[in-house]
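Colleague: A single structure is presented below for examination.
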Amino acid sequence: MNKKNKTAFVCNSCGQDYAKWRGKCDNCGEWDTITEIRIASKKDSGFRLHDSGDPPIPHLLSQTVADDTPRIKSGFSEIDRVLGGGLVPGAFILLGGDPGIGKSTLLLQLTSQLAEASKNVMYITGEESAAQVSMRARRLNCLDSKVQILTETRVESILNVLDEEKPEIVVIDSVQTVFTEELESAPGSVAQIRESSAKLLRFAKSNGVVIFLIGHVTKDGSIAGPRILEHMVDTVLYFEGDSSFQYRIVRAVKNRFGPAGELALLSMSDEGLREITNASEFFLTSREQPQIGTAIGAVLEGSRILVVELQSLVNHSHFGLPQRVASGINPRKLALLLAVLERHGGIVLGDHDVFFNVAGGLTIAEPSIDLGIAAAILSSFRNRPLKNDTAFIGELGLGGEVRPVSNMISRLKELSRLGFKECIVPKPNKTADWFSDYGIRLITCQRVAEMQNILW
């Protein structure tokens, strides 16, 4: 006699389970997101980490020896950097990004490079036909690569094909399209994404197969589906960028095999994505003539230093309420720095519109550019350009003090390599080891009130 199907109530926003329906999810606070799903009483597909019927035996940590398996090089040094040195056999990797940003293009180029390195690669698509994938491959000049294409969305069929073909690297495009027959809910639902990903995860770990999952993102920029999906995978990569600019950033939000926060910088062209090896020179486009309202800052992104242009425009307001517009930083950060400049910098900006932009379209969150932002605003307010070969590094406190930031030595060395002659830095403390000669003159600034005397 068959057992009845089990019923569960799952939040479509965060994936929280409930025993009965309710209007509001207690976990994420969203209303009307809990839906009923039916779980069929079918047996699992059988792909488990432990195939034998014997119970697992615990071991001491000292008795467990990790295999020194060499990492698989992807053919993109920038991607290898983000992954922590290359692909680890059995890795389960999630790549998310906005529609049309280039996720499928990146992984098709990646699989092509791996296939040329004699790796058995399979590209499984549920959103496009094989002909559409081949059209993209022709545009990317990788049509002749030995990449196997499979058009399938049922996860049981996918696992059977993988078990027969035994590929080393697999791409699933996308996780929102695959489904399992054990659930009656539609593909893309919370339950389907969770169960299908769990089956693929068990197969990857038990067979040592690297699996890439392409995930859609919601309107707020987070990966669609249950939050547990990001906890299940080994690595979470976000593909960022703007269609107005040619650069793309792959950022590691989570990585069990390397440092999180690392990023790869790529350039989009008609023939696909290309690596940008010298990122600072890519963002510094105009250094010939000093510009009013433009300052230079050195920011830390992952393990690399990016030297960027900070642009400001201060204009007398013709309306009752002055505008505060910021692009590339948090608008609240701009309002805070303007308050510090008014209170401790000796300038009045209450009747001025202030516009700020990070050149190149980058979004920066770290505080090392505070001093550069203040210098750019002062330059525009006084209508006087800054020195062409001067950079700024420092964080501004609410009391108007200038504070040092981390990795000062790396920032100064990068500025020196790019030919900068001077750098405005915080006053070092007695134990500071970064205040030395790196081929660049260091000018100390203890408080923001000293800025105008130092700049001109």
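Colleague: Considering the chain, which cysteines have no disulfide-compatible partner, defined as another cysteine with its Cβ under 4.7 Å away?
Modeller: Cys142, Cys423, Cys445
Colleague: Between beta-carbons, use under 13 Å as the cut-off and find the net charge around Lys73, counting Lys and Arg +1, Asp and Glu -1.
Modeller: -1
Colleague: While we're looking at this one, here's another question. What FRET efficiency comes out for Asn120 versus Arg384 if R0 is 56 angstrom and r is the Cβ-Cβ distance? Round to the nearest 0.05.
Modeller: So the FRET efficiency works out to roughly 0.35.
Colleague: Same structure, new question: Please tell me which of these pairs span more than 32 angstrom C-alpha to C-alpha: Lys254/Lys387; Lys119/Lys199; Lys333/Lys387; Lys333/Lys430?
Modeller: In this structure, Lys254/Lys387 exceed 32 Å between Cα atoms.
Colleague: Which ³J(HN,Hα) values in Hz, rounded to whole numbers, follow from the phi angles of the stretch 151-163 under the Karplus curve 6.51 cos²θ - 1.76 cosθ + 1.60, where θ = phi - 60° and Gly and Pro get x?
Modeller: After applying 6.51 cos²θ - 1.76 cosθ + 1.60, I find 9, 7, 10, 7, 5, 5, 5, 4, 5, 5, 5, 5, 5 Hz.
Colleague: What relative contact order, as a whole-number percentage, does the stretch 98-173 give when Cα pairs under 8 Å and 6 or more residues apart are counted?
Modeller: Once divided by the residue count of the stretch 98-173, the mean separation gives 44 percent.
Colleague: Skipping prolines and chain starts, which residues have an amide H placed within reach, meaning under 5 Å, of the one on Gln176, given they are 5 or more residues away or on another chain?
Modeller: His216
Colleague: Okay, moving on. Taking only C-alpha pairs under 8 Å that are 6+ residues apart, what is the relative contact order of the stretch 297-381 in percent?
Modeller: 44
Colleague: To the nearest 0.05, what FRET efficiency results for Arg138 and Asn429 with a Förster distance of 51 Å applied to their C-beta separation?
Modeller: My answer for the efficiency is 0.30.
Colleague: While we're on this one: In degrees between 0 and 90, to the nearest 10, how far off the longest principal axis of the chain does helix 370-382 point, with axes built from Cα atoms?
Modeller: On a 0 to 90 degree scale, this one is about 50.
Colleague: What percent antiparallel are the DSSP beta bridges of the stretch 358-449, to the nearest 5?
Modeller: So the antiparallel bridges in the stretch 358-449 amount to around 30 percent.
Colleague: A further question on this structure: Which of rounded, prolate, oblate describes the chain, given a ≥ b ≥ c as roots of the alpha-carbon gyration tensor eigenvalues and a/c under 1.5 marking rounded, otherwise prolate only if a/b is larger than b/c?
Modeller: prolate
Colleague: A further question follows. With a/c under 1.5 counting as rounded, go ahead and sort the stretch 76-161 into rounded, prolate or oblate using the C-alpha gyration tensor (a ≥ b ≥ c being the square roots of the eigenvalues; past the cut-off, prolate if a/b is larger than b/c, else oblate). All intermediate terms of the calculation are to be shown ahead of the outcome.
Modeller: Working: a/c = 1.34, a/b = 1.18, b/c = 1.14.
Here the stretch 76-161 falls in the rounded category.
Colleague: I've got another one for you. Considering Cα pairs under 8 angstrom that are at least six residues apart, work out the relative contact order of the chain and quote it in whole percent.
Modeller: Once normalised by length, the contact order is 12 percent.
Colleague: Kindly rank 250-261, 430-441 from highest to lowest mean number of other beta carbons found within 10 Å of each residue.
Modeller: Peptide ranking by packing, descending: 250-261, 430-441.
Colleague: Need one number: % antiparallel among DSSP beta bridges in the chain, to the nearest 5. Working shown, then result.
Modeller: On the way: 46 of 84 bridges.
Antiparallel bridges: around 55 percent, rounded to the nearest 5.
Colleague: For every other residue with a beta carbon closer than 12 angstrom to the beta carbon of Leu140, add +1 if it is Lys or Arg and -1 if Asp or Glu, then tell me the sum.
Modeller: So the surrounding residues net to +1.
Colleague: Let me ask you something else. What aspartates and glutamates does Lys24 reach when the alpha-carbon gap must be under 16 Å and sequence neighbours fewer than 8 apart in one chain are set aside?
Modeller: Output for Lys24: Asp32, Glu36.
Colleague: Per residue of the chain, what 222 nm ellipticity follows from adding -39500 (n - 2.57) for every DSSP H run with n ≥ 4, rounded to the nearest 500?
Modeller: Helix contribution divided over all residues of the chain: -7500 deg cm²/dmol.
Colleague: Which of Met451, Met268 has the fewest other C-beta atoms within 10 Å, and how do the rest follow up to the most?
Modeller: Least to most surrounded, the residues fall as Met268, Met451.
Colleague: Quick one: if the Förster radius is 25 Å, what FRET efficiency do Ser129 and Glu184 give, using the C-beta to C-beta distance and rounding to 0.05?
Modeller: Calculated value: 0.40.
Colleague: Can you compute the modelled spin-label distance between Glu30 and Ile228, with each label point 7 Å from Cα toward Cβ, in nm?
Modeller: Each label point lies 7 Å from its Cα, and together they span 1.5 nm.
Values quoted throughout were computed directly from the atomic coordinates according to the rules given, and no laboratory measurement underlies them. Treat the numbers as computed from the prediction; the structure is a model and nothing was measured. Positions of Cβ are generated from backbone atoms using ideal geometry, with glycine treated the same way; all protein chains shown enter the neighbour counts.
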